[in-house]
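*Asks:* Pasting a structure here, questions to come.
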Amino acid sequence: GQLEKNGFPHFMLKEIYDQPGCISDCMGGRVNPDAGTVTLSAVSNFKERLAGAHRFIIVGCGTSWHAGLIGKQLIESFCRVPVEVEYASEFRYRNPVISSDDVVIAISQSGETADTLAAVELAKEKGAFIYGICNVVGSSIARATDTGSYIHVGPEIGVASTKAFTGQVMVLALLALLLGKEKGIVSEEEYHQTVAGLVEIPGKMREVLKQDSLIADFSKMFTYARNFIYLGRGYAFPVALEGALKLKEISYIHAEGYPAAEMKHGPIALVDAEMPVVVIAAQSALYDKVLSNIQEIKARKGRVIAVVTRGDTEIKKLADYCIELPDTLECLLPLVASIPLQLLAYHIAVYRGMDVDQPRNLAKSVTVE
Ligand code: G6P
């Protein structure tokens, strides 16, 4: 009903706007801003098992798999332990190599996805320790795992996942940071600096949401696009994949996410004056390389929507449209950079007259194969 939508025309838009509050809830009782510390009860209870893992294997489907790709980068950089990310549907039928020194992280908003549940059961049989990251309390996956952390973002109604994605990334960031600290890899200074960065995320999300009407405005230009390319590197690569998935799911426009540097190995052949390219081009060590990707797209008359760091001047000169992000620690970039891409997909779908909360052929939770 209209009531639960809080005045928003769709659940999806409400859930996009819910994110600053949801992310605060997710951090509640876990992040202590005064002390500058993080706790997760699962980590306190299973410290040795988790910090002693030889390897992490993350399994999930859809948006949850994209969160897993960010989790891999977070855990590898904070903990220096190898991480593999697998589609649960592939993992379960692959006779994967798993040992009792492995920790499997199962990510699922609903906690009911059949493939993810089957992957958990398989990993359990092989003796791995299983950590669940779910939203729905008491769900099948939450019950089947050895331990875990709920994302606590509240019920997600829109079929296209939004706030669950940022909640999953937040829990993965907390887990990676905490384990890195536990293992003595993250220094005291980096720890406190990252905690301070986490605490600022809800405020930064609010700043990004202020650009909603700007995004709605230029979204109109793309109502009739047939294809979209999304590019990003490092932490922005899974954000590109997730942005492309949002567009496909609700607007039915074909979209592909690619690592920006791979553009020259294929996607650039598709670029012409009809091709919109969304580039996540926030300040980072690889900024110049992404800038030159944008030059290559413009040289072929592609239309560039760039997501940049506030104060950017170089990319602004080249891009057709720019969305600004507040400056953020690179490892936390996905938490803010995904929001404008959710809004872009939302507005394009609405202009195309699509039912964004109930996209055709899709289900909120896929409990059968
Ligand atoms: C369906 C939903 C997606 C979701 C995926 C995994 O495809 O439409 O939004 O990402 O399932 O769902 P889960 O509940 O396991 O995160």
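Read-outs throughout are calculated quantities, based only on the coordinates presented, and are distinct from any laboratory measurement. Worth saying up front: this structure is predicted, and the values here are computed from it rather than measured. Note that each Cβ is placed from the backbone with ideal geometry, even for glycine, and that neighbours are counted across all protein chains shown.
*Asks:* Could you rank the peptides 28-36, 86-94, 242-250 by their average count of other C-beta atoms within 10 Å per residue, with the highest value first? Can you show the working numbers first?
*Replies:* Working: 28-36: 13.1, 86-94: 18.4, 242-250: 26.0.
Per-residue Cβ counts within 10 Å, averaged per peptide and sorted highest first, yield 242-250, 86-94, 28-36.
*Asks:* Tell me which residues come under 5 Å, amide H to amide H, from Thr37 once H is placed; ignore anything under 5 positions away on its chain.
*Replies:* Residues meeting the amide H criterion: Asn32.
*Asks:* Taking H placed 1.01 Å from N in the peptide plane, check which residues at least 5 places from Glu86 or on another chain put their amide H under 5 Å from its amide H.
*Replies:* Amide H to amide H, under 5 Å and 5 or more residues apart or across chains, Glu86 pairs with Ile58, Val59, Gly60.
*Asks:* Given the options His66, His152, His54, state which has the largest fluctuation in a GNM of the chain using a 10 Å cut-off (strictly under) for Cα springs.
*Replies:* Comparing His66, His152, His54 in the GNM, the peak value goes to His54.
*Asks:* Then there's this: When the helix-only estimate is applied to the chain (DSSP H runs of n ≥ 4, each -39,500 (n - 2.57), divided by the residue count), what is the mean residue ellipticity at 222 nm, nearest 500 deg cm²/dmol?
*Replies:* The helix contribution divided over the chain gives -14000 deg cm²/dmol.
*Asks:* Report ³J(HN,Hα) in whole Hz for each residue of region 361-369, in order, from the Karplus equation J = 6.51 cos²θ - 1.76 cosθ + 1.60 where θ = phi - 60°; Gly and Pro get x.
*Replies:* 6, 10, 10, 5, 9, 9, 9, 10, 6
*Asks:* Turning to a different aspect of this structure: Can you tell me the convex hull volume per residue for region 245-360, based on C-alpha atoms, in Å³ to the nearest whole number? Mind showing how you got there, number by number?
*Replies:* On the way: hull volume 12.8 nm³, N = 116.
Considering the Cα atoms of region 245-360, their hull volume per residue is 110 Å³.
*Asks:* Which lysines does Lys317 reach when only Cα atoms under 18 Å apart count, and residues fewer than 8 places away in its own chain are ignored?
*Replies:* Filter leaves Lys289, Lys298, Lys301.
*Asks:* Tell me the relative contact order for the chain as a rounded percent, counting alpha carbon contacts under 8 Å between residues six or more apart.
*Replies:* That works out to 19 percent.
*Asks:* When the Karplus curve 6.51 cos²θ - 1.76 cosθ + 1.60 is applied with θ = phi - 60°, which whole-Hz ³J(HN,Hα) does each residue of region 132-139 get, with x for Gly and Pro?
*Replies:* Running phi through 6.51 cos²θ - 1.76 cosθ + 1.60 with θ = phi - 60° gives x, 10, 10, 9, 7, 5, x, 5 Hz.
*Asks:* In addition: Using per-residue counts of other Cβ atoms within 10 Å, averaged over each peptide, order 157-169, 281-293, 37-49 from highest down.
*Replies:* Working: 157-169: 26.8, 281-293: 18.0, 37-49: 15.6.
Packing proxy ranking, top to bottom: 157-169, 281-293, 37-49.
*Asks:* Suppose we keep just the DSSP beta bridges with both residues in the chain; what percent of those would be antiparallel, to 5?
*Replies:* On the way: 2 of 41 bridges.
Taking every DSSP beta bridge with both residues in the chain, the antiparallel ones total about 5 percent.
*Asks:* In Å, the Kirkwood hydrodynamic radius of the chain over pairs of distinct alpha carbons? All intermediate terms of the calculation are to be shown ahead of the outcome.
*Replies:* Values: mean 1/r = 0.0483 Å⁻¹.
One decimal place: 20.7 Å for the Kirkwood radius.
*Asks:* Over region 1-160, how many percent of alpha carbon pairs lie in each 5 Å bin up to the one with the longest distance?
*Replies:* Using 5 Å bins, I get a P(r) of 2, 9, 16, 21, 20, 15, 9, 6, 3, 1, 0 for region 1-160.
*Asks:* Which order do peptides 191-201, 222-232 fall in by mean Cβ count within 10 Å, highest first? The partial results should precede the final answer.
*Replies:* Numbers: 191-201: 18.2, 222-232: 20.6.
Per-residue Cβ counts within 10 Å, averaged per peptide and sorted highest first, yield 222-232, 191-201.
*Asks:* Lysines within cross-link reach of Lys47: Cα-Cα under 20 Å, excluding same-chain residues under 8 positions apart?
*Replies:* List returned: Lys72, Lys124, Lys181, Lys183.
*Asks:* Filter the DSSP H helices in the chain by two things, a Kyte-Doolittle mean of at least -0.5 and an axial alpha-carbon span of 27 angstrom or more, and list the hits by number.
*Replies:* Working: long enough: 163-182 (28 Å, 1.25); 333-351 (28 Å, 1.50).
Both cut-offs are met by 163-182, 333-351.
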